[in-house]
1. Need the list of lysines near Lys105 for cross-linking: C-alpha distance under 26 angstrom, and skip anything on the same chain fewer than eight residues off.
2. Enter the accessible area of Val71 (Å², nearest 10), with the probe set to 1.4 Å and all protein chains included.
3. How much mean residue ellipticity at 222 nm does the chain get from its helices, if each DSSP H run of length 4 or more adds -39500 (n - 2.57) and you divide by all residues, to the nearest 500 deg cm²/dmol?
4. In whole Hz, what ³J(HN,Hα) sequence does region 98-104 give by Karplus (6.51, -1.76, 1.60; θ = phi - 60°), x for Gly and Pro?
5. May I ask for the net charge around Arg95, where only other residues with Cβ less than 15 Å from the Cβ of Arg95 are counted and Lys, Arg are +1 while Asp, Glu are -1?
6. Take each of the peptides 125-132, 50-57, average the number of other beta-carbon atoms within 10 Å over its residues, and list them starting from the highest.
7. So, for the chain, what is the accessible surface per residue at a probe of 1.4 Å, expressed in square angstrom?
8. With every protein chain left in place, what is the accessible area of His65 in Å² (1.4 Å probe, nearest 10)?
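The values are calculated or read from the model by the stated rules, or taken from the named source; none is laboratory data. Small disclaimer: the values here were computed from a predicted structure and weren't measured. Here the Cβ is made from the backbone with ideal geometry for all residues, glycine too, and neighbour counts use every protein chain on show. Heads up: the accessible areas ignore ligands, DNA and RNA and are worked out on the full protein's heavy atoms, side chains in. Shrake-Rupley method; radii C 1.70, N 1.55, O 1.52, S 1.80 Å.
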Amino acid sequence: AKDNGGDQYFIYHGDMFQRVAHRVMMEGEVKQALAKGQFSLSLQPQLVAKTNKVYGFEALLRWQHPERGMVSPDDFIPILENSEHMIALGYWVIRRCFQLSKKIKQVGLDDVVIAINLSAAQFTDVNLPDYLNSLLDEFQLTAASFELELTEQTLVKDIDKAIISMDNLRLLGFSFAIDDFGTGYSSLAYLKRMPVDVIKIDKSFVFGMLENNADFQIIMSTIAMVKNLGLTVIAEGVETQAQLRSLTENDCDLIQGYFFSKPIPETELFEFIDSEIVD
Ligand code: C2E
Ligand code: CA
Ligand code: CA
Ligand code: CA
């Protein structure tokens, strides 16, 4: 038994070492990738359920790696959480979103919102409000053109700190969506303390909503609660017409998912806008 304990310790230790090494490697790669222009955004439409009009686009980061091909954000963002390179990459994402928003206004879509995902480290970075403010000025855009997506996990890390960060960004006019709603802890306590505008029902509830009664009930209760609080509710991961119909009938405001569109590479965004939106 004693020997086993020793082995376990060794395995654990080795695993930690590997994770740290992997992280350090990724940090270096991200820095290089930024310099080499390997990052881009894909934009996924968010539609008004009742009218099918485009409400906005969520900006999703893409990394075209020269050897590994397209690397999923889920495979590098969590690993790099808190690193200075992730913060730099986050700023790159924000600037790109401003550029795209400007172009979208220029083709005549004045009310389309861009939703930007913020990591926890980025959200609490003291330089963020100044950076956003300088971009508003540079691009001559208003904060109403953007929505900042924060996960539940980010918000509950330190609720008091989160409220201060939100208030600072709110003063500039930014609004907030809570991402991955229902998958974290204390989903309800912060709703009454935080200046939240939009709640995003996580796709894990949507996928099985018509087969699994628990998922269905959770979604319907969430929609009712969010609406009763006077907020907007969006469902992500909507893949079928039947899901869309059920969500629409039950008063879900906004819909995002493969049923309408997969995330669109930024190079194809204006083709999509020309063919699907401009009326
Ligand atoms: P998320 O913010 O929850 O984004 C939604 C994810 O669901 C996206 O995955 C999107 O492509 C996917 N999705 C949307 N509709 C459907 C659907 O109908 N079916 C299925 N199966 N999937 C759908 P993606 O693009 O791989 O992004 C994964 C996560 O990476 C995001 O989850 C977000 O947490 C993170 N992420 C992406 N871009 C950024 C970014 O710029 N900054 C930060 N901090 N995180 C980002
Ligand atoms: Ca998101
Ligand atoms: Ca989500
Ligand atoms: Ca997510």
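1. Lys50, Lys53, Lys200, Lys262
2. Val71 exposes around 10 Å² with every protein chain in place.
3. Details: 11 runs with 130 residues, N = 279.
Value at 222 nm, helices only, nearest 500: -14500 deg cm²/dmol.
4. With coefficients 6.51, -1.76 and 1.60, one gets 5, 4, 5, 4, 4, 5, 5 Hz.
5. On the way: positive: Arg96, Lys102, Lys103; negative: Asp125, Asp130, Asp137, Glu138, Glu266.
Net charge in that neighbourhood comes out at -2.
6. Details: 125-132: 15.4, 50-57: 17.9.
Result, highest mean Cβ count within 10 Å first: 50-57, 125-132.
7. Numbers: 14470 Å² over 279 residues.
With the other protein chains kept in place, the chain gives 52 Å² per residue.
8. Accessible surface of His65 is approximately 10 Å².
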